[in-house]
Structure formats: structure tokens, C-alpha cells
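One structure is given here, and the rest of the page talks about it.
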Amino acid sequence: AQSVTQPDIHITVSEGASLELRCNYSYGATPYLFWYVQSPGQGLQLLLKYFSGDTLVQGIKGFEAEFKRSQSSFNLRKPSVHWSDAAEYFCAVNRDTGNQFYFGTGTSLTVIP
Amino acid sequence: DSGVTQTPKHLITATGQRVTLRCSPRSGDLSVYWYQQSLDQGLQFLIQYYNGEERAKGNILERFSAQQFPDLHSELNLSSLELGDSALYFCASSVAEGYRETQYFGPGTRLLVL
């Protein structure tokens, strides 16, 4: 069965520190992978996506993610976190048009001064 | 701004009532997805429509129904509302690049059932 796991429910980092949010997936084929961010009271905004090719993808707001097939992972990273990055982050997978998207349970990020 | 619009932004109603949530997808997007987000359940996929036809069903209750109209906007109908239906309801529309699909989310409708 397809599933997405975000092992960290909540992460706290200091402003200016680096960030890595973990995402592991279970899927029958190499999936398409996505990261979304949700600020309080807002909808989900697409940060980046991976379909194929270069396994390191760049997104908006200075985020990047790396697809590692051997580890079934798609971890999100940012070299220097800003206070405005405090939000909920969701990893999602799907494969091919018409297939259901599977979302992780989210990781809540707190940024401290 | 994703280009997906949802109305209303907020809705307060009583148990047993019926409400309709509306979603307008991004221009050109044929697929609409509905999700429910609550504190204890996370983001739950409810149902998907593609060009007016139901394509996939998730954890949607029988009290809930949806449809997509010829102009591609979609409505989610929630009836016999219970306290536990209080949640954020999101609509997403998707664009396909060949076999690859990306979802874009609307701002959501916050439903409070009292």
C-alpha cells in the first residue's frame, strides 16, 4: 500500500540554523514527490516537486529537497531558516495522472529567535 | 495566490444542518480534489472529480457528496452535520504535464458546527 511517513511531528530550530525535514514513502513504483507548506489558517502552498532527472530539486523560499531512491526518502532542506518559515510542512506522493495523492501527517516547524 | 478560489472562507452552523462549499479551480485545470483537515485526523482525501466525472473516492462519509459542473467549478455538500465535521475543507485543482500531475490548493473553508 502506498504511504508517506513524516517521522517528526514537531521540530524547533533557531533562526539562521539549517533545517532538514524528513519524508519517507512506500510506493509500488518510483513516485512523483512534493513538498507543501501551510501557514496558520492558510491553504497548502507548493514548495517544490520531483518528477524525474536531477535528484536535487530547488524550490521556492530557498528550500531544496533530495530524492534518494535507495532510502525511499525525499527530505526537505534549507541552509538558513527565517522566522517566517514557521509553518506546517507536508510531504506528498503520487504517480501518474489520475492517481490519488498521498500526504504525510505533517511536521510542524517552530523557529526561535 | 494559487488561483484556486473557495467560498465561503468561514461557515458556522448547527448540528443537523446542511451546507455547501464551493470551489473554482485554476483556469484550465480539469481535476478538482476535496480534502478535510482536522486536528486529530490530519489531511484526509475525500473525493476527486475530473472534467465533471467522479474519478476517485477517499474517506468520504455517506452524508457528504460532491459534484463538478460543466464550467468545472465544484461543490461539496455536507448534510446532517455533526460536531465532528468541524474542520478545514480544502479544494485543490491539478494540472497535468503529460502523465505528471501537480495539485494547487485553495485557501480553504473553515467549518464550525455548534
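What to note about this one:
- Among (1) in a strand (DSSP E or B); (2) more than 9 Å from chain A (Cβ to nearest Cβ); (3) open to solvent by 20 Å² or more (accessible area, probe 1.4 Å), the one test that B:TYR104 misses: (2)
- When restricted to residues that are part of a strand (DSSP E or B) and open to solvent by less than 40 Å² (accessible area, probe 1.4 Å), the range A:8-28 contains 5.
- In this entry, A:ASN24 is excluded by the filter for residues that are touching a Lys or Arg at 6+ places or on another chain (Cβ under 6 Å) and either among the charged types (D, E, K, R) or modelled with pLDDT of 95 or more (or both).
- Hey, A:ASP85 more than 28 Å from B:THR7 (Cβ to Cβ) and surrounded by 13 or more Cβ atoms within 10 Å (Cβ to Cβ) or not: yes
- For the range B:9-33, a residue qualifies if it is more than 12 Å from chain A (Cβ to nearest Cβ) and assigned to a strand (DSSP E or B), and the qualifying residues are B:LEU11, B:ILE12, B:THR13, B:VAL19, B:THR20, B:LEU21, B:ARG22, B:SER24, B:VAL32.
- Pairing residues of the range A:64-77 that are closer than 17 Å to A:GLY53 by Cβ with residues that are exposed (fewer than 14 other Cβ atoms within 10 Å of the Cβ) and at pLDDT below 95, at Cβ distances under 6 Å and at least 6 apart in sequence or on separate chains, gives A:GLU66/A:THR55; A:PHE67/A:THR55.
- A:TRP35 passes every criterion in (1) in contact with a strand residue (DSSP E or B) (Cβ under 7 Å, 6 or more places away or on another chain); (2) open to solvent by 10 Å² or more (accessible area, probe 1.4 Å); (3) closer than 21 Å to B:GLY106 by Cβ apart from (2).
- Index of the failed condition, A:GLY104 passing every other in (1) surrounded by fewer than 20 Cβ atoms within 10 Å (Cβ to Cβ); (2) closer than 24 Å to A:GLN2 by Cα: (1)
- Pairs, first under 19 Å from B:GLY3 (Cβ atoms) in the range A:33-58, second surrounded by fewer than 22 Cβ atoms within 10 Å (Cβ to Cβ) and of a type in the set (Lys, Arg), C-beta under 6 Å, six or more apart: A:PHE34/A:LYS49
- Selection status of A:LYS61, of a type outside the set (S, T, N, Q), more than 14 Å from chain B (Cβ to nearest Cβ) and open to solvent by less than 50 Å² (accessible area, probe 1.4 Å): no
- Residue that is more than 23 Å from A:LEU46 (Cα to Cα), in contact (Cβ under 8 Å) with a residue 60 or more places away in the chain and open to solvent by 10 Å² or more (accessible area, probe 1.4 Å), where the choices are B:LEU114, B:LEU61, B:LEU81: B:LEU114
The values are calculated or read from the model by the stated rules, or taken from the named source; none is laboratory data. Since this is a predicted model, take the numbers as computed values, not measurements. So basically every Cβ, Gly included, is an ideal-geometry build from the backbone, and we count neighbours across all protein chains shown. Calculation scope for accessible area: heavy atoms of the full protein, side chains included, ligands and nucleic acids excluded. Shrake-Rupley method; radii C 1.70, N 1.55, O 1.52, S 1.80 Å.
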